[in-house]
Amino acid sequence: MTTIDLNADLGEGFGRWRLTEDEQLLSVVTSANVACGFHAGDAATMRRVCELAVARGVTIGAQVSYRDLAGFGRRAMEVPAAELTAEVAYQIGALEVFARAAGARVAYVKPHGALYNRVVHDEEQAGAVIDGVLLADPALPVLGLPGSRLLALAEKAGLPAVPEAFADRAYTDEGTLLPRSQGGAVVSDPEAVVRRSVGLVRSGTVIAHSGARVRVRARSLCLHGDTPGAVELARQVRARLVATGVRLEAFA
C-alpha cells in the first residue's frame, strides 16, 4: 500500500492575529510544521498548537525561518552562516520546550519561505541550517525539496532526509517551485489541487507550469494552511487519497 504523510504550516499567527485554522487542520494532517517565532508564531501560539497536535496524535515539526516577522519569512535576506546556525537551533529549542510540556518532542525540521527556497541551491545557507539542526538534536529528520542541497547535506551529516511535494504550488521543469512573484505560482482551483495530490502520491509526477510532466519523489505532501479555504481543501485531498487506497502516516 502506498503511504504518504500530510503536513501543513501551522501556528502562523502573532498575538491577537491568526492566519491558519490550526484546530481544524490538525484533524486532517499527520504532521504539523509549527512556526517558531521568526516568521510567525509566539510563545502562547506554539504552546497551544503543540497541545492540540498531541491531543490529535499529530507529529510536531519545527518550521524554522529567517528572522522576518514583517515579511512573513518570504523576503530574501543575507544572514551570516554562523548567525543562521544559531537562529535555527534557537527556534528548534523554543518549540521543544512546548512540545515536551505537551507530552511529545520536536520530531523533524522544515525551513520556511525564503529560507526553504534558498537552501535548494545555496550550499552555505543549507549547511548553516544543517549545522543548526545538529546543534539542537543530531538525530532530527529534515524535510525539504527533492534534489536540494539541504537534503544532500542532511544525508551527508547522517540526518534522515525526507523529500516533500506541494499540492498547491506550480513546479518548474527542473522540479523546483515556481517563484511566488510569477503568475500561476499558487494553484487555486480545488479540483486541480486534489488531482495533483493524487498524481504526486500515486505516480510520483506532476505537470509543471510549462506543461511538461516532472518526476517528484516525495514521502510527505504539503498542504498550505494560509490559502483561502485551506481546511476544506485539505479535507478533500485527504478523502481522495484515502479513496484511492493511500495510507496516511507521519514519516517521523
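The values are calculated or read from the model by the stated rules, or taken from the named source; none is laboratory data. Just so it is clear, the model here is predicted, and its values are computed rather than measured. Ideal geometry is used to build each Cβ from the backbone, glycine not excepted, and the neighbour counts take in all protein chains shown. Just so you know, the surface numbers come from the protein's heavy atoms only, side chains and all, with ligands and any DNA or RNA stripped out. Shrake-Rupley method; radii C 1.70, N 1.55, O 1.52, S 1.80 Å.
Observations on the model:
- Residue in segment 75-95 that is among the small types (Gly, Ala, Ser) and modelled with pLDDT under 95 present: yes
- The set of residues from segment 206-225 being surrounded by fewer than 15 Cβ atoms within 10 Å (Cβ to Cβ) and in contact with a Gly (Cβ under 7 Å, 6 or more places away or on another chain) comprises 215, 217.
- Counting residues in segment 107-114 that are aliphatic (A, V, I, L, M), within 23 Å of residue 219 (Cα to Cα) and not in a helix (DSSP H, G or I) gives one or more.
- Some residue of segment 78-97 being aromatic (Phe, Trp, Tyr), in contact with a Cys (Cβ under 7 Å, 6 or more places away or on another chain) and either open to solvent by 30 Å² or more (accessible area, probe 1.4 Å) or farther than 23 Å from residue 176 by Cα (or both): no
- For residue 3, the test of being over 15 Å from residue 69 (Cβ atoms) and among the polar types (S, T, N, Q) is passed.
- For segment 126-151, a residue qualifies if it is more than 20 Å from residue 46 (Cβ to Cβ), touching a Ser or Thr at 6+ places or on another chain (Cβ under 8 Å) and crowded, with 22+ Cβ neighbours inside 10 Å, and the qualifying residues are 126, 128, 145.
- Residue in segment 107-125 that is modelled with pLDDT of 95 or more, open to solvent by less than 50 Å² (accessible area, probe 1.4 Å), touching a helix residue (DSSP H, G or I) at 6+ places or on another chain (Cβ under 7 Å) and over 21 Å from residue 31 (Cβ atoms) present: yes
- Strands (runs of 3 or more DSSP E) enclosed by segment 1-92 - at least 2 residues per element that are farther than 21 Å from residue 154 by Cβ: 3-10
- All positions within segment 25-46 that are over 14 Å from residue 115 (Cβ atoms), of a type in the set (A, V, I, L, M) and over 12 Å from the mean Cα position of the chain (by Cα): 25, 26, 28, 43, 44, 46
- Residues that are more than 16 Å from the chain's Cα centre (by Cα) and outside any strand (DSSP E or B), drawn from segment 210-230: 210, 211, 212, 228, 229
- Across segment 57-74, the qualifying residues are those that are in contact with a helix residue (DSSP H, G or I) (Cβ under 6 Å, 6 or more places away or on another chain) and of a type outside the set (A, V, I, L, M), and the one among them that is surrounded by the most Cβ atoms within 10 Å (Cβ to Cβ) is 65.
- Per-region count, segment 8-56, residues under 20 Å from residue 232 (Cα atoms), open to solvent by 10 Å² or more (accessible area, probe 1.4 Å) and free of Cβ contacts under 8 Å to residues at least 40 places away in the same chain: 5
- If you check 160, 179 for being within 17 Å of the chain's Cα centre (by Cα) and at pLDDT 95 or above, only one passes: 160.
- Residue match in segment 225-238 (condition: in contact with a strand residue (DSSP E or B) (Cβ under 8 Å, 6 or more places away or on another chain) and farther than 18 Å from residue 164 by Cβ): no
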